[in-house]
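Trainee: Have a look at this one before I ask anything.
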């Protein structure tokens, strides 16, 4: 009997050693050989199958950096497979990305002028701190709300409510683009240069309106009795330039901005690493995951967004529409359109792709030009846009060629269990683990970098739109995306988010302070996964978070 027990222990020990070598965790089974006969069989342990991505470290293929684990600059490394020429352009773009612009005219440094006259920030880095997410504004204890100022990396998209949903974009319906608010446009600029407004003596450095932030909270409880407090931001817009002093509580609203048909959607600054790889995924591979009618009955029905493409329009394309890949609602088609659109939109810096001021033709801009006599029409003294082609190209290339941080702790048993649970919860129904980038072709109208070709990457995103439920909805359509839909956020690097910026939040408006909170906000197509997550034990929930933190 003793010999039999020893033999069984040896078998068990051998199995456990095999687990360590092959990355397969076997369930522990107690020995049952006792009694007189000694011929009873020991039950075979249950084998746990781990997803193929469990052991992957190089999330960005050859563009992966393995030196970012504990660094506050973990998102700011150039891709290691750039050529010498590409590295030089990347480093030039790094300087451009951090360039802070000034009010025009700036005779001492004309290359820096052109800011505004209304804007959200003066440089790229303020919305993408250290190439990651911006800081979530904090409402201090004892305060009911705060006014957004120069340190806010969050901004407001605005548009008019359409009469009916837009199904197919054509020239006749402006390709389903959001409808601009008269005399305001499509984005609210809360900051302004000194004399931006007619009432600038009372409202110095105020843009189109003041924006205030407060939070609403609610409790979510697990079956084990533990609970999590979730906060939802509430933004209030007051003191618009076309009706100074007005608020939503005013008895007679006259501002175009405060009318009932104006929709508002808040946007958080996103990380900018790995964008060139996402751009290099073939359109066919993205569309292969579209399941608009949920044909497989898993409750998930990803849709593609098709958006106006300024690059195609500039080239004279008669149907300037492309697949949306970037932005919270997949409302931009390429890194070039995204980057240069932000340069003009967030900062008021015109460039070769967007040569007109963001508020051109509005009463605010017309008044500013007349009152100040400043020549701030979007062109420099040479007649060219405020940002040169060289500056613009370097910023775009920088955003395309930042390295993807490697995964960490892949051998940790909790991380491995978390990977298995992530699959079990069907999180991969939207967060598609991997793609292989295309071997050739152009991106944003330019030949793609060799560093991005034929790379096996693990972004954990299908790049598609999904209904995320009423809890996250902003009610604002954006091209073909409706008010409940959001693009699946890539998860690579997410575990380093608060290493890079400890005050960063998650989701489109930064409401989630932790990954757990972000999961608990999931609804709509993700509600079943969210409910299944809540049904896990506390240990299992922690393992899911451990896996996400390893990405």
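Rule-based calculations on the coordinates, nothing more; no lab input. A quick note: this is a predicted structure, and the numbers were derived from the prediction, not measured. Counting neighbours? That spans all protein chains shown, and the Cβs are built from the backbone with ideal geometry, glycine included.
Trainee: Taking the chain as the reference, fit the longest principal axis to its C-alpha atoms, fit the long axis of helix 363-372 to the helix C-alpha atoms, and give the angle between the two in degrees, 0 to 90, nearest 10.
Mentor: Here the helix axis deviates by roughly 60 degrees.
Trainee: What distance in nm lies between label points placed 7 Å from Cα along the C-beta direction at residue 194 and residue 531?
Mentor: Simple spin-label model gives 6.1 nm for this pair.
Trainee: Let me ask something additional. Please check which bits of region 267-299 a label hung off residue 440 would reach, taking the label as a point 7 Å along Cα-to-C-beta and the cut-off as backbone N under 19 Å.
Mentor: Of the residues in region 267-299, 280-285 have backbone N under 19 Å from the label point off residue 440.
Trainee: What FRET efficiency comes out for residue 151 versus residue 66 if R0 is 30 angstrom and r is the Cβ-Cβ distance? Round to the nearest 0.05.
Mentor: Between residue 151 and residue 66 the formula returns 0.35.
Trainee: Additional query: Per-residue ellipticity at 222 nm for the chain, helices alone: DSSP H runs ≥ 4 residues times -39500 (n - 2.57), over residue total, nearest 500 deg cm²/dmol?
Mentor: Helix-only estimate at 222 nm: -7000 deg cm²/dmol.
Trainee: Place a label point 7 angstrom from the Cα of residue 283 along the Cα-to-Cβ direction, then list the residues of region 455-490 whose backbone nitrogen is under 19 Å away.
Mentor: Correct set: 462-465, 479-481.
Trainee: Run the numbers for residue 50 and residue 366: contour at 0.36 nm per residue of separation, minus the present Cα-Cα distance, in nm.
Mentor: Full-extension gain reported as 107.6 nm.
Trainee: Within region 266-306, what residues put their amide N at less than 12 Å from the label point 7 Å along the Cα-to-Cβ vector of residue 317?
Mentor: 306
Trainee: How far is it, in nm, from the label point at residue 254 to the one at residue 107 when both lie 7 Å from their Cα along the line to the Cβ?
Mentor: 4.0 nm
Trainee: How big is the equivalent ellipsoid of region 405-536 along its three axes, where each semi-axis is √(5λ) from the Cα gyration tensor, reported in whole Å from largest to smallest?
Mentor: 26, 22, 15
Trainee: On to the next question. Simple spin-label model, 7 Å along Cα-to-Cβ: residue 85 to residue 204 in nm?
Mentor: Placing both labels 7 Å along Cα→Cβ, they lie 5.0 nm apart.
Trainee: From the list (1) 1.00; (2) 0.97; (3) 1.03, can you say which value of Rg/Rh (Cα atoms, Kirkwood Rh) was derived from the structure given?
Mentor: Matching entry in (1) 1.00; (2) 0.97; (3) 1.03: (3).
Trainee: Cα centroid distance between region 366-415 and region 471-487, in Å?
Mentor: For region 366-415 versus region 471-487, the Cα centre distance is 25 Å.
Trainee: If you average the alpha carbon positions of region 328-350 and of region 290-313, how far apart do those two centres end up, in angstrom?
Mentor: Region 328-350 and region 290-313 have Cα centres spaced 21 Å from each other.
Trainee: Another question, then. Just report the Cα centroid separation between region 60-90 and region 183-226, whole Å.
Mentor: 35 Å
Trainee: Below 8 Å between Cα atoms, with a sequence gap of 6+, how large is the relative contact order for the chain in percent?
Mentor: Value for the chain: 21 percent.
Trainee: How much FRET efficiency would the formula 1/(1 + (r/R0)^6) give for residue 100 and residue 174, where r is the Cβ-Cβ distance and R0 is 41 Å, rounded to 0.05?
Mentor: 0.75
Trainee: In degrees, nearest 10, range 0 to 90: what is the angle between the Cα axis of helix 84-97 and the longest Cα principal axis of the chain?
Mentor: 60 degrees
Trainee: Taking the beta-carbon count within 10 Å as an exposure proxy, list 215, 175 from fewest neighbours to most.
Mentor: 215, 175
Trainee: Which angle from 0 to 90°, rounded to the nearest 10, does the C-alpha axis of helix 335-347 make with the longest principal axis of the chain?
Mentor: With rounding to tens, the tilt is 50 degrees.
Trainee: Same structure again: I'd like the FRET efficiency for residue 73 and residue 42, computed as 1/(1 + (r/R0)^6) with the beta carbon distance as r and R0 of 51 Å, rounded to 0.05.
Mentor: 0.45
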